[in-house]
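Some notes on the structure that comes next.
The values are calculated or read from the model by the stated rules, or taken from the named source; none is laboratory data. Predicted, not measured: the structure shown is a model, and the values here were computed from it. So basically every Cβ, Gly included, is an ideal-geometry build from the backbone, and we count neighbours across all protein chains shown.
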Amino acid sequence: MIKKITAVHGMHDCLFPDTLLWENIENIIKNTLKNYGYQEIKLPILEKSKLFKKTIGESTDIIEKEMYNLFDKNKDSLTLRPEGTTGFLRSIIENNIFYNNRRFWYNGPMFRYERPQKGRYRQFNQIGIEIIGLKSPYIDAEIIILTNNLWKKLNITNNIFLEINSIGSIIDRQKYITELIFFFKKNLKFLDFSYQQKIYRNPLRILDAKNKNIQKLLNYAPKLKNFLNEKSIDTFRKLCEILNFMNIKFTINNYLVRGLDYYNDIVFEWKTNNLGTSKTICGGGRYDKLINKMSFNRDKNGVGCAIGMERLILLIKNTESIKLDTDFLIDIFLIPMENSYTLKKILIIGELIRKNFPKLRILTSYLFKNLKKQIIQAIKYKSHFVIIIGLKEINNNSIIIKNLYSKKQVTIPENKLILKLEKIFKNI
Ligand code: ATP
Ligand code: MG
């Protein structure tokens, strides 16, 4: 027996009508981004492995265990991108599109070798939003205001909440990490093996541990906020002020550090309690030193965030915040009764209707069965109307239009078809 070939573990297909919901959500996001003056950039999915190794941080989960690496025929080491920001920066450095005040967005699949579960996959889609060359709490606020606006349009504000934090400068964090390692070493017995290993490699990751005992221990740990420099404290205070001014609710989570090494100052996450442990729908922060790390003669500021599309869609489905009209999936189902004249006629009629009504969904039946069976098929397709052409109609230059919902049927002269359809679809 032939063994069925299945999809790769952690990667899956998105089927209709989820694809329709996806398209709707994506359009709302794209239009909002345009509305704020952001420009789209399309980026490759494969990048050189060293791009990520150099930037994301040696001891992050992504670099340590989640990368999909491969060698091409030239033996070059390549990686399926695990995130968008580094590839985005590679592109704007390479293409020298380094004007101040540039706002960009991109959209596409990312790959991480994670343990798949609800809301966590090995291939998932992100919409990334980035602002280059500007540093001000107003810029940080803009991304939060924009995303807040998105949640309003997607009708999920009641199921999503904002957490923000400042992680200060890289120097502040180094001082803090020294103290934190000292604290964890003193309390080694409270940490299980996997966390003990993190102490030297990435102690900040212990801060967002889900384990209750570790969370208790953290109450006694040194706090990052006590290590921040004056300027970072001031910037953070201003951001909080702007968010309050704009009536955007948030909580300060001192343990929010984010999984990537390159952030500084402001970090934020939009979370939900609706998706089990996959809580974060959108996460981001400032990365003022990253561009310099990638291109020594450039010192540019940056801030950005990424929205996880699958998690967003799960949340929208769970909360039914967007209801798609799926009563009818086809507007007109064209039925030629079997005969070469009618088949050719229906080709002409179909193209004519599509040209006049580019937004309608028009499908031609090539079932070559009796009318009853074709009507049953049209109902299965969730069609609203059928147009029937048989030999009699050809001889009379007429067309039958039947509304499958009201069951009403009319026969009209062929040259009145477009007028009739204009009337029908104006009222719908
Ligand atoms: P998490 O803490 O849930 O692992 P993360 O901090 O690794 O998230 P980011 O790298 O900031 O996530 O990516 C931004 C967004 O992309 C996340 O908030 C989430 O919505 C989505 N995302 C990240 N990893 C996955 C995944 N494996 N499957 C589905 N969505 C994901
Ligand atoms: Mg992760």
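Restricting to the range 325-355, what's the tally of residues that are under 34 Å from the mean Cα position of the chain (by Cα) and part of a helix (DSSP H, G or I)?
2
Please go through the range 58-73 and pick out each residue that is away from ligand 2 (no atom under 13 Å from the Cβ) and out of contact with any Lys or Arg (no Cβ under 7 Å at 6 or more places or on another chain).
Across the range 58-73, the qualifying residues are Glu58, Tyr68, Asn69, Leu70, Phe71, Asp72, Lys73.
Any residue in the range 1-24 that is touching a residue at least 60 places away in the same chain (Cβ under 8 Å) sitting within a Cβ distance under 6 Å of a residue that is surrounded by 13 or more Cβ atoms within 10 Å (Cβ to Cβ)? List the pairs, counting only those 6 or more apart or interchain.
Sorted first by the residue in the range 1-24, then by its partner, the pairs are Gly10/Pro116; Gly10/Tyr121; Gly10/Arg122; Met11/Arg122; Met11/Gln123.
Within the bounds of the range 330-338, is there any residue that is in contact with a Pro (Cβ under 8 Å, 6 or more places away or on another chain) and either surrounded by fewer than 15 Cβ atoms within 10 Å (Cβ to Cβ) or modelled with pLDDT under 95 (or both)?
So far as the range 330-338 goes, no, none of its residues is in contact with a Pro (Cβ under 8 Å, 6 or more places away or on another chain) and either surrounded by fewer than 15 Cβ atoms within 10 Å (Cβ to Cβ) or modelled with pLDDT under 95 (or both).
Test of understanding: among Asn155, Asn125, which residue is modelled with pLDDT of 95 or more and outside any loop (DSSP other than H, G, I, E, B)?
Asn125
Pairs please, first residue from the range 112-124 and closer than 15 Å to Ile307 by Cα, second anywhere and among the basic types (Lys, Arg) and within 12 Å of ligand 2 (Cβ to nearest atom), Cβ atoms under 6 Å, 6+ apart in sequence or on different chains.
Gly119/Arg311
Considering only the range 92-104, I want to know if a residue exists there that is among the hydroxyl-bearing types (Ser, Thr, Tyr) and either without any contact (Cβ under 8 Å) to a residue 24 or more places away in the chain or touching a Leu at 6+ places or on another chain (Cβ under 8 Å) (or both).
To start, the set of residues in the range 92-104 that are among the hydroxyl-bearing types (Ser, Thr, Tyr) comprises 99.
Next cut, either without any contact (Cβ under 8 Å) to a residue 24 or more places away in the chain or touching a Leu at 6+ places or on another chain (Cβ under 8 Å) (or both) only: none.
No; the residues of the range 92-104 include none that is among the hydroxyl-bearing types (Ser, Thr, Tyr) and either without any contact (Cβ under 8 Å) to a residue 24 or more places away in the chain or touching a Leu at 6+ places or on another chain (Cβ under 8 Å) (or both).
Could you tell me which residue of the range 234-273 is farthest from ligand 1 (Cβ to nearest atom), considering only residues that are under 22 Å from Gly119 (Cα atoms) and at pLDDT 95 or above?
The extreme case among them is Asn273.
Right, Thr157: surrounded by fewer than 20 Cβ atoms within 10 Å (Cβ to Cβ), more than 23 Å from Ala306 (Cβ to Cβ) and of a type in the set (Ser, Thr, Tyr) or not?
On the way: surrounded by fewer than 20 Cβ atoms within 10 Å (Cβ to Cβ): yes; more than 23 Å from Ala306 (Cβ to Cβ): no; of a type in the set (Ser, Thr, Tyr): yes.
Judged against the criteria, Thr157 is not a match.
Has the range 160-174 got any residue that is closer than 15 Å to Tyr287 by Cβ, of a type in the set (Gly, Ala, Ser) and in a strand (DSSP E or B)?
yes
Assuming Thr272 fulfils every condition listed in (1) at negative phi; (2) surrounded by fewer than 21 Cβ atoms within 10 Å (Cβ to Cβ); (3) of a type outside the set (A, V, I, L, M) apart from one, which condition is it?
Status for Thr272: all satisfied but (2).
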